[in-house]
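One structure is given below, encoded as C-alpha cells.
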Amino acid sequence: MNPIQSIDNVPKELYHKKHYYCDYVEILALINNQDIVSISDIYDRFKENKDIEKINNEDAEDNTPPDEKWNSRIKEWLDNIAVRNGVFNDFYPFTVNNNNIQLKDNLTNAHKLYIFLLLSSSQKYIPKKGNTLPNDFEKVALIALENYLPNGAISDIFGTTSDKYTGSLEDKVTLLAKRLKYKVKTDDFTNSSTGDGGLDLVAWLPFDKDDNQNNMQIFLSQCATGKEWQNKQHETTKMTNHYIDFKSKPTHVFFMPYDCRNANRSFAEQGEIFDGLFFDRIRILYLLKNKIDSVLNLTSFNSIVDKVISYEEEIV
C-alpha cells in the first residue's frame, strides 16, 4: 500500500487560507524525493483537476487569464513557504526559492518531526488503515504541554489512548475528579457523545500538601488533526459544563499540527481561533526542540513518516 493516496485531490479551501495550499506544495515536494518541484509542476496538478474553476470563487470577477492567475497564486504560496523556511530554521526539511521547492538531502530528526506534523495536517492523503498519526499527535502534544508548563505540573492523556483513564466515561471522569479533589456534577452519562467527554489531555498545578485544591490552575486540552478543527476547540467545555464541578475556571487548550499563518506570521484564520491557549505547528516544534528523541519511537515515525520519505511519485 502506498503511504500517500489521492494526491491529485487538490485543496479546495478558500484562496485566502493559503496555508492549506502551502502544505499541499510541501507534500508534493516530499513525495518527489529530492527532485525540484517548480511552479509549472504545481500548476499541472491543478489544471488536471476538473473542479479547478470551482476551487476559489473569491475572485470570480477577475478576468486575468487562468495561467497567469494560477502562476501568480502559486508564486504567493512559494513566497509564504520561503518565510516558513526562515522561521522554522533547523526544523525545515525543504529548500525553497521564488520558483521551486525541493526536499533536502540527509534529513535530520528535527526535519522528521516537521514532516510528522505536516502529514498530521494532511489526513486526506494518508490511508486510513494503519493511520496512527492522530493518536501519536496526542502524545506529541502532551510532551509539548509538559515542556510549556513549569516543574511540578501533573499532566496526562485523558483520551482514547490513555492507559491511566480507562473504562466508561463515568469511570474516567470519576477518577479525574478524585485526583483533582473535586466533585462529579452528574450521575447521568447516558447522553455523552464521546468516550472522553471532549477531553484529550489534562494538566494541573497542584498546591503541595494542601487538601484544598480550589482555585488552582487546570488545563483542559483538545487535539485535532482534521480540517474541521474550528469546532473541536470548544470540545473541552463539555467537561466544565456537564461533568466536573470546577471551583475556578480552567484554561482551555487547543493543539493543531497546522501552520495556519500568513506570510507576516499572523494567524490566517484569526476570527476562527478561540480565546483559549492555542498551539500550532511552530509553537509545538519549538517546545519539542530539546525533546526530539522522546518522540522518535512513536509508531508513526517508522510506519508512516519514514515510508513517506522513501516513497517517490513522479509529478506528471
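The values are calculated or read from the model by the stated rules, or taken from the named source; none is laboratory data. Just so it is clear, the structure is predicted and the values come from calculations on it, not from any experiment. So basically every Cβ, Gly included, is an ideal-geometry build from the backbone, and we count neighbours across all protein chains shown. We work out accessible area using only protein heavy atoms, side chains counted, and drop any ligands, DNA or RNA first. Shrake-Rupley method; radii C 1.70, N 1.55, O 1.52, S 1.80 Å.
For the reader, a short list of remarks on this structure follows.
- Scanning the range 117-130 for residues that are part of a loop (DSSP other than H, G, I, E, B) and more than 10 Å from THR299 (Cβ to Cβ) returns SER121, SER122, ILE126, PRO127, LYS128, LYS129.
- Residue in the range 201-209 that is in a strand (DSSP E or B), over 30 Å from LEU118 (Cβ atoms), touching a residue at least 40 places away in the same chain (Cβ under 8 Å) and touching a helix residue (DSSP H, G or I) at 6+ places or on another chain (Cβ under 7 Å) present: yes
- Only one of the numbered conditions (1) touching a Ser or Thr at 6+ places or on another chain (Cβ under 9 Å); (2) of a type outside the set (A, V, I, L, M, F, W, C); (3) modelled with pLDDT of 95 or more is not met by TYR148, and that is (1).
- The numbered conditions (1) under 17 Å from PHE88 (Cβ atoms); (2) open to solvent by 20 Å² or more (accessible area, probe 1.4 Å); (3) of a type outside the set (Val, Ile, Thr) are all true for HIS111 except (2).
- ILE81 vs. criteria open to solvent by less than 60 Å² (accessible area, probe 1.4 Å), among the β-branched types (Val, Ile, Thr) and either over 21 Å from THR95 (Cα atoms) or modelled with pLDDT under 75 (or both): no
- Selection within the range 12-50: residues that are of a type in the set (D, E, K, R), within 25 Å of ASN262 (Cβ to Cβ) and over 19 Å from the mean Cα position of the chain (by Cα). The member of this set that is most open to solvent (accessible area, probe 1.4 Å) is ASP41.
- The residues of the range 98-131 that are small (Gly, Ala, Ser) and touching a Phe, Trp or Tyr at 6+ places or on another chain (Cβ under 8 Å), listed by number, are ALA110, SER120, SER121, SER122.
- In the range 246-259, the residues that are in contact with a strand residue (DSSP E or B) (Cβ under 6 Å, 6 or more places away or on another chain) and either within 17 Å of LEU205 (Cα to Cα) or in a loop (DSSP other than H, G, I, E, B) (or both): PRO250, THR251, HIS252, VAL253
- Residues considered: ASN264, ASN302, ASN290. Of these, the only one that is open to solvent by 30 Å² or more (accessible area, probe 1.4 Å), at negative phi and assigned to a helix (DSSP H, G or I) is ASN302.
- Test result for LEU145, under 20 Å from TYR311 (Cβ atoms) and in contact with a helix residue (DSSP H, G or I) (Cβ under 9 Å, 6 or more places away or on another chain): no
- If the condition is being within 18 Å of GLN123 (Cβ to Cβ) and within 14 Å of the chain's Cα centre (by Cα), then the range 232-278 contributes LYS232, GLN233, PHE254, PHE255, MET256, PRO257, TYR258, ASP259, CYS260.
- Among the residues of the range 84-100, those that are within 22 Å of the chain's Cα centre (by Cα), hydrophobic (A, V, I, L, M, F, W, C) and crowded, with 19+ Cβ neighbours inside 10 Å comprise PHE88, PHE91, PHE94.
- Test: residue in the range 164-171 that is closer than 26 Å to ARG283 by Cα, open to solvent by less than 20 Å² (accessible area, probe 1.4 Å) and in a loop (DSSP other than H, G, I, E, B): no
- Failed condition for TYR148, given (1) open to solvent by less than 40 Å² (accessible area, probe 1.4 Å); (2) under 20 Å from the mean Cα position of the chain (by Cα): (1)
- So PHE255, is it at pLDDT 90 or above and open to solvent by less than 10 Å² (accessible area, probe 1.4 Å): yes
- Of all the listed residues (THR225, THR160, THR186), the sole one being of a type in the set (Ser, Thr, Tyr), in contact (Cβ under 8 Å) with a residue 12 or more places away in the chain, open to solvent by 70 Å² or more (accessible area, probe 1.4 Å) and outside any helix (DSSP H, G or I) is THR160.
- Count of the range 189-204 residues, restricted to those that are under 29 Å from the mean Cα position of the chain (by Cα) and either over 22 Å from PHE274 (Cβ atoms) or exposed (fewer than 15 other Cβ atoms within 10 Å of the Cβ) (or both), is 4.
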